[in-house]
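Working notes, structure below.
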Amino acid sequence: MRRSQSPRTRLIFGGRVIDPASGHDGVADVLIAADGTVAGIHPKSSDNYSSIPDAERIDASGMIVAPGFVDLHVHLREPGREDEETVASGSAAGVRGGFTTVCCMPNTEPAIADQETVRFVLHRAEEAPGRVHPIGAITRERQGHSLAEIAEMVDAGAIAFSDDGSPVASAGLLRRAMEYSRMFDVPIASHCETPDLSGDGVMHEGVVSMKLGLRGIPAISEEICVARDIALARVTGAHLHVCHVSTEGSVGIIRKAKQSGVRVTAEVTPHHLTLTDDLIARQFDPLLKVNPPLRTARDVEACCAGLADGTLDCIATDHAPHAEQEKDGEFDLAPFGMIGLETALGVSVRAMVESKLLDWSGLIDRLTRRPAEVFGIEAGTLQKGRAADVVILDPRAKWTVTPDTLISRSKNSPFFGWEITGTTVATVVGGHLVYSANGHNGYP
């Protein structure tokens, strides 16, 4: 993590402190020690700190103070496509959106499929404003033919394993990967898709795709793979994490598996909590092309309910940058993917808080404690002695998403023109102020 200034004592005072990991929700002061750890959360009484005259005081009155968000699923494109995003630029977009910790997927060029590439990403992360954890590939170069160097990548610092973007088609190979992952107690993060059902589809298979004459990706393509991977997790005892759940059927399968004791967790993206396939009929915009595809209103409703009741553990952005020219063309030919680190909070507020499915405490729980627990990351809490990764949020601020408001190197967002509520005022990582809305940001 890049450090932009010397450590110092900081007092964030007067805000509503929400820390689901410790059960704290109320107006309080957060004291950050000079060593970059949380010194404590105390009832509102900043006079208690008169004995610390050199402490930088940050007024959070009317704001929410929370642990920094944790994103288990981002694409940072480095190595290979630094024109679209880098480890540093993606992390900068993350801290601007409140994410102090991100986990980057291995579909880079070359893939993060050996210990040297894991170490390269971690080295690049030293220049990033936030914390970056690499996810290693399950198979060599994500080709699905033979296992990658799982043990070596664990030693090098890989936090989980996935062939995201490409499902592991061989059940036998995935079973072996799960057996290895159990040895090292790391999760397998599965991109659940059945290739011969998805084929060359470009959007959800349904009434809309039929009317538009576009090739469809059926919901059953995801659901069959979710069921298969859960069965393998049951047999092996491994920790399966289901990436970017998008269908009502998948939510139901995961719910039953959890009830039966299978070690399975799952994530959902903000766009699968809000956007539906009928938008493509109205806009025909390649910015709406993503995999898994935007589904029906019924699927969105099921995903929102699943996040609310705990079937889906957390929110992950699947931040997937693409160059402008790649998305500026025919829908059929455009790549899948959209960015999301900077809009995740506001879009999730619209889906979950404004609909009253979750309150602010519940939403922050799905962005902090729960994802940290899923991957076993030392993050997502303001408990005393832990790293001071903190986000200050304005829960009432309304802002309109435009290309100029985003700092990611790529601008492929489907939310341009949306007015959303909730924004990041400041982000602290390890006691260092790495982003503030008033312009203190050393990471262009």
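The values are calculated or read from the model by the stated rules, or taken from the named source; none is laboratory data. Being a predicted model, the structure only gives us computed values, none of them experimental. For neighbour counting, all protein chains shown are included, and Cβ atoms are generated from backbone atoms with ideal geometry for every residue, glycine included.
Note on region 194-230: residues that are in contact (Cβ under 8 Å) with a residue 40 or more places away in the chain and closer than 22 Å to Ala160 by Cβ amount to 4.
Each residue in region 343-368 was checked for being farther than 13 Å from Pro20 by Cα and among the polar types (S, T, N, Q), and 3 pass.
Yes or no: region 333-349 includes at least one residue that is of a type in the set (D, E, K, R) and either surrounded by fewer than 21 Cβ atoms within 10 Å (Cβ to Cβ) or not assigned by TED's automatic domain parsing to the domain that holds Gly97 (or both).
Taking every residue of region 333-349 in turn, none turns out to be of a type in the set (D, E, K, R) and either surrounded by fewer than 21 Cβ atoms within 10 Å (Cβ to Cβ) or not assigned by TED's automatic domain parsing to the domain that holds Gly97 (or both).
One residue stands out among those in region 353-411 that are crowded, with 23+ Cβ neighbours inside 10 Å and among the hydroxyl-bearing types (Ser, Thr, Tyr): the one that is nearest to Gly430 (Cα to Cα), which is Thr368.
This table checks each residue for (1) modelled with pLDDT under 95; (2) acidic (Asp, Glu).
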residue	(1), (2)
Glu109	no, yes
Glu116	no, yes
Pro129	no, no
Asp164	yes, yes
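Restricting attention to region 259-278 and to residues that are among the aliphatic types (A, V, I, L, M) and in contact with a helix residue (DSSP H, G or I) (Cβ under 6 Å, 6 or more places away or on another chain), the residue that is surrounded by the fewest Cβ atoms within 10 Å (Cβ to Cβ) turns out to be Val262.
Of the helices (runs of 4 or more DSSP H) lying entirely inside region 332-444, those containing at least 2 residues that are basic (Lys, Arg) and on the phi < 0 side of the Ramachandran plot span 369-375.
Please pick out the residue among Ser209, Ser181 that is over 25 Å from the mean Cα position of the chain (by Cα), crowded, with 16+ Cβ neighbours inside 10 Å, modelled with pLDDT of 95 or more and polar (S, T, N, Q). Let's see the steps before the verdict.
Values: Ser181 fails: over 25 Å from the mean Cα position of the chain (by Cα).
Selected residue: Ser209, the only one of Ser209, Ser181 that is over 25 Å from the mean Cα position of the chain (by Cα), crowded, with 16+ Cβ neighbours inside 10 Å, modelled with pLDDT of 95 or more and polar (S, T, N, Q).
Looking only at residues in region 293-331 that are part of a loop (DSSP other than H, G, I, E, B) and within 15 Å of the chain's Cα centre (by Cα), the one that is farthest from Thr265 (Cα to Cα) is Pro321.
Residues are listed down the side, and each one gets a yes or a no for (1) under 29 Å from Ile253 (Cα atoms); (2) free of Cβ contacts under 8 Å to residues at least 12 places away in the same chain; (3) touching a strand residue (DSSP E or B) at 6+ places or on another chain (Cβ under 7 Å); (4) polar (S, T, N, Q):
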residue	(1), (2), (3), (4)
Phe161	yes, no, yes, no
Gly165	yes, no, no, no
Gly172	yes, yes, no, no
Glu179	yes, no, no, no
Cys192	yes, no, yes, no
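Step by step: first the residues of region 204-238, then only those that are of a type in the set (S, T, N, Q) and touching an Asp or Glu at 6+ places or on another chain (Cβ under 6 Å), then the one that is nearest to Val268 (Cα to Cα). Which residue is that? Going through the qualifying residues, I end up with Ser221.
Of the residues Ala426, Ala397, Ala387, the single one that is touching a residue at least 24 places away in the same chain (Cβ under 8 Å) and in contact with a Leu (Cβ under 9 Å, 6 or more places away or on another chain) is Ala426. For region 80-111, what are the residues that are in a loop (DSSP other than H, G, I, E, B) and among the small types (Gly, Ala, Ser)? Scanning region 80-111 gives Gly80, Gly97, Gly98, Ala111.
Suppose the filter is in the same structural domain as Ile217 (by TED's automatic domain parsing) and either at pLDDT 95 or above or over 23 Å from His272 (Cα atoms) (or both); does Ser410 pass it? Steps first, please.
On the way: in the same structural domain as Ile217 (by TED's automatic domain parsing): no; either at pLDDT 95 or above or over 23 Å from His272 (Cα atoms) (or both): yes.
Against the criterion (in the same structural domain as Ile217 (by TED's automatic domain parsing) and either at pLDDT 95 or above or over 23 Å from His272 (Cα atoms) (or both)), Ser410 does not qualify.
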